[in-house]
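All remarks here apply to the structure that follows.
Please treat every number below as a calculation from the coordinates, not as lab data. This one's a predicted model, so the numbers in the text were calculated from it and none came from an experiment. Glycine also receives a Cβ, built like all others from the backbone with ideal geometry; neighbour counts cover every protein chain displayed.
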Amino acid sequence: MTTYSSLPVPPMSIRFDPAGGTLQPEGPTLTRRMSDLEGLFRDHAAWEQAVADGDPVVYSVVSSRVPEVERELPQSITTIQPGSTAGELWMTKGHQHPNHQGEIYLGISGHGGLLMFNGTETEWVDMTPGTIGYMPPGWAHRSINVGDEPYSFLAVYPGGAGHDYGWVLEHGMGRRVLAGETGVEFVDYSAD
Ligand SMILES: O=P(O)(O)OC[C@H]1O[C@H](O)[C@H](O)[C@@H](O)[C@@H]1O
Ligand SMILES: [Fe+2]
């Protein structure tokens, strides 16, 4: 992976291709496989089996060249593949911003959802192309593909926001998102 980490960039035009889910010029790309999502699915045995059965790519994140440093405003496109593990829809790891900074997502293609949790309350934003989901400071966030095609969204966030994954492992996300008979179903983490 090429890293453009802390190099400042000049004013520029960045193209996003809705069909390909890419940004040009392109910065770092991240691929998350099932094995990278340890401890996140409710059914640990089913997660282990999915890792053993080919360890599929669950999502990828392509970034622009704007660096993740204070006062910059980086962007990325995340594409989550459709699927479920023991009924739990495929999702991002989810994270909290250590210094509680806001973020926006713009739905680009497919059908997803934005699950937010502030430690007490949960919120759900249905994400279709054109929806802007706003995450206020202090709300951990996770994205879920609720459709049967890849779900892509553009994220714009403060460069110094950071990613605290430990917070989600410790506190959960309030609810789990399952594939129900007639659509999406939610269950509380307390049901685990
Ligand atoms: O970091 P995750 O919880 O795995 O989510 C995947 C990605 O989603 C969005 O694109 C965020 O802006 C990224 O910062 C994040 O890395
Ligand atoms: Fe974030």
Original post:
Which ordering of 71, 65, 42 is given by a fewest-first count of other beta-carbon atoms within 10 Å?
Top reply: 71, 42, 65
**OP:** Report the FRET efficiency, 1/(1 + (r/R0)^6), for residue 13 and residue 165, where r is their Cβ-Cβ distance and R0 is 25 Å, rounded to 0.05.
**Re:** 0.15
**OP:** Sort segment 111-192 into rounded, prolate or oblate with this rule: let a ≥ b ≥ c be the square roots of the eigenvalues of the Cα gyration tensor; rounded if a/c is under 1.5, and if a/c is not under 1.5, prolate when a/b is larger than b/c, oblate otherwise.
**Re:** oblate
**OP:** Using only alpha carbon pairs under 8 Å that are at least six residues apart, calculate the relative contact order of segment 15-191 and give it in whole percent.
**Re:** 23
Original post:
HN-Hα J couplings of segment 113-125 from phi, Karplus 6.51/-1.76/1.60, θ = phi - 60°, integer Hz, Gly and Pro as x?
Top reply: x, 10, 9, 10, 8, 9, x, 10, 9, 10, 9, 10, 10
Subject >> With eigenvalues of the C-alpha gyration tensor scaled by 5 and rooted, segment 1-112, Å >> reply: 29, 16, 14
Original post:
What is the fewest-to-most order of 73, 115, 154 by other Cβ atoms lying within 10 Å of their Cβ?
Top reply: 73, 154, 115
Original post:
Based on Cα positions only, what radius of gyration and what Dmax would you give for segment 47-144, in angstroms?
Top reply: 14.6, 43
Original post:
Rounded to the nearest 0.05, what FRET efficiency do residue 156 and residue 179 have when you use their Cβ-Cβ distance and R0 = 41 Å?
Top reply: 0.90
**OP:** Just round it to a whole percent: the fraction of Cα-Cα distances in the chain exceeding 30 Å.
**Re:** 16
Original post:
Across segment 69-86, in residue order, what do the Karplus-derived ³J(HN,Hα) couplings come to in whole Hz, using 6.51 cos²θ - 1.76 cosθ + 1.60 with θ = phi - 60° and x for Gly and Pro?
Top reply: 9, 2, 6, 7, 10, x, 9, 8, 10, 9, 10, 9, 6, x, x, 8, 10, 6
Subject >> Part-to-part distance (alpha-carbon centres) for segment 74-148 and segment 164-192, which is given in Å >> reply: 12
